[in-house]
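All of the numbers you see were taken from the coordinates with simple rules; none came from a lab. Model, not experiment: these values are computed from the prediction.
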Amino acid sequence: MKRMSVHRTRPARRRGFSLIELLIVLAILVLLASMVAPRLLGSRDKANIDAARTQINMLKSALELYSLDMSGYPTTEQGLEALVRPPAASSADGEEDFGDDSFSEDEDLAGLDDDDADEDADSSVASRWNGPYLKSDKVPRDPWGSAYRYEFPGRNNNVGEPDIWSIGPDRKDNTEDDIVSWTGKRRSGDGEADAEGFEVGGDSGDTEEVDLSRDGE
């Protein structure tokens, strides 16, 4: 008998990518990333600006409710914190230092009368305050983590309305990326216009920066 010879063929080795092919693929990926990334970043920036505008409008609505109950807006010193706690509780705590404790009897009685009047005023304010006027027990921060600025009387809005603004993504006040509650450019103290921000409605002023964040936050 003749033996049949069997020839075994080895499978062909898989050829790897050449350096040129890898460079071509890498170049395509870089090109795609350069086209898509700006759109993604632009969409995120727009979303943050829209969120800031929405929050400012929400704060304006809450301030309107506050003004109906309290017959006026919070002062600059009371700030937006007055929306989540009565104004008396929004001011700084602490006892006054009168220095010399040797008052006359008449002065002491007059001081007690003034204290009683202040307590009655605080009680009246607390009874009219019908808050909190926000869903949260804290005033929200803008999308970039900064506190919203507030000033009343406002220099930029219509007469009798407060100014509310965000210092924007650069976190610097009075720059072009500020998101504001008024229309047009800010007015400085001499009436000249300063930087123009993103408007959400309202007239415009170089305003004093007011940090609304509470200690410890």
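Tabulated data for the structure shown
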item: Per-residue ³J(HN,Hα) for the stretch 67-72, Karplus 6.51 cos²θ - 1.76 cosθ + 1.60, θ = phi - 60°, Hz, x for Gly and Pro; result: 5, 5, 6, 9, 6, x
item: Set of lysines near residue 60 by C-alpha distance (under 26 Å), chain-local residues within fewer than 8 positions excluded; result: 46, 135, 138, 172, 185
